[in-house]
Amino acid sequence: MQIGTNSPLLQKLIDLKSNNPPTQKTLDGLNLLLKIFQNLKFDEEKFKLLKYTSITFMNNVISLEGAHEFLLASGFILTDQGYYYRGSNDYNYILFILNQEVGSFEVYQEQDPKVQEIVNKSKAEHQAKLKYKEELIKDFELNKKEVYDRKMGL
């Protein structure tokens with residue numbers, strides 16, 4: 001893993017931080033991520049699986065745009081039960097950058113115009129991404145039907 005300002009892992013964390021409004025909810029999610037990684041040092045199975053059934057995890061972490069990508073980049077894999085930590089040679093680096101980013105996070109009040117501007121920009125970008133994903137799925141389904149029709153001689 002490349003470490004430093006060009007680190008893909010650091011970039012995923014910066015994206016996670018910058019793609020979400022600077023509110024208490026975002027800070028709570030980042031704090032929970034930090035706590036998750038702090039608990040991983042105990043190397044116990046109960047800390048390695050982040051279950052989909054955990055409302056706190058889903059509401060505070062997974063609801064953040066970019067959290068999924070950060071978890072995958074930092075050593076988690078998807079399973080049928082949730083995110084499972086398979087380990088990472090970069091554990092200490094992950095803990096370090098999480099501490100740095102959480103410590104430097106500035107929370108704005110919901111009424112702050114800057115928050116509203118960030119939220120509106122984030123919503124617009126999110127809508128554009130959703131539209132793009134829907135188009136990809138639609139194209140995939142059309143291609144799948146064409147391949148099926150060809151195979152069936154239709």
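The values are calculated or read from the model by the stated rules, or taken from the named source; none is laboratory data. These figures come from a predicted structure and were not determined experimentally. Cβ coordinates were reconstructed from backbone atoms using ideal geometry, including for glycine residues, and neighbour counts include every protein chain displayed. Please note that ligands, DNA and RNA were not included when accessible areas were found on the heavy atoms of the full protein model with its side chains. Shrake-Rupley method; radii C 1.70, N 1.55, O 1.52, S 1.80 Å.
Here are the numbers:
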| item | result |
| --- | --- |
| Cα-based Rg / Dmax (Å) for segment 77-154 | 21.7, 62 |
| Sequence ranges 141-151, 36-46, ranked by mean other-Cβ count within 10 angstrom, highest first | 36-46, 141-151 |
| With Cα atoms, 0 to 90° folded angle of helix 8-18 axis to the chain main axis | 80 |
| The chain: relative contact order in percent, alpha carbon pairs under 8 Å with at least 6 residues between | 29 |
| Computed E for residue 122/residue 142 - FRET, C-beta separation, R0 22 angstrom, nearest 0.05 | 0.10 |
| Between segment 127-154 and segment 11-33, the Cα center-to-center distance that results, in Å | 34 |
| Gain upon complete extension [residue 72, residue 49; 0.36 nm per residue less C-alpha separation] | 7.0 nm |
| Accessible surface, 1.4 Å probe, highest first, among residues 107, 61, 102 | 107, 102, 61 |
| Cross-link partners of residue 46 among lysines (Cα-Cα below 19 Å; sequence separation of 8 or more within a chain) | 35 |
| Cα→Cβ-extended label distance, 7 Å offset, between residue 35 and residue 135, nm | 4.1 |
| Ordering of 128-134, 84-90 by packing [mean C-beta count within 10 Å, highest first] | 84-90, 128-134 |
| Links that overshoot a 25 Å alpha carbon limit, given the list 17/41; 51/144; 17/51 | 51/144 |
| Cα gyration tensor shape of the chain, rounded if a/c is under 1.5, else prolate or oblate by comparing a/b with b/c | oblate |
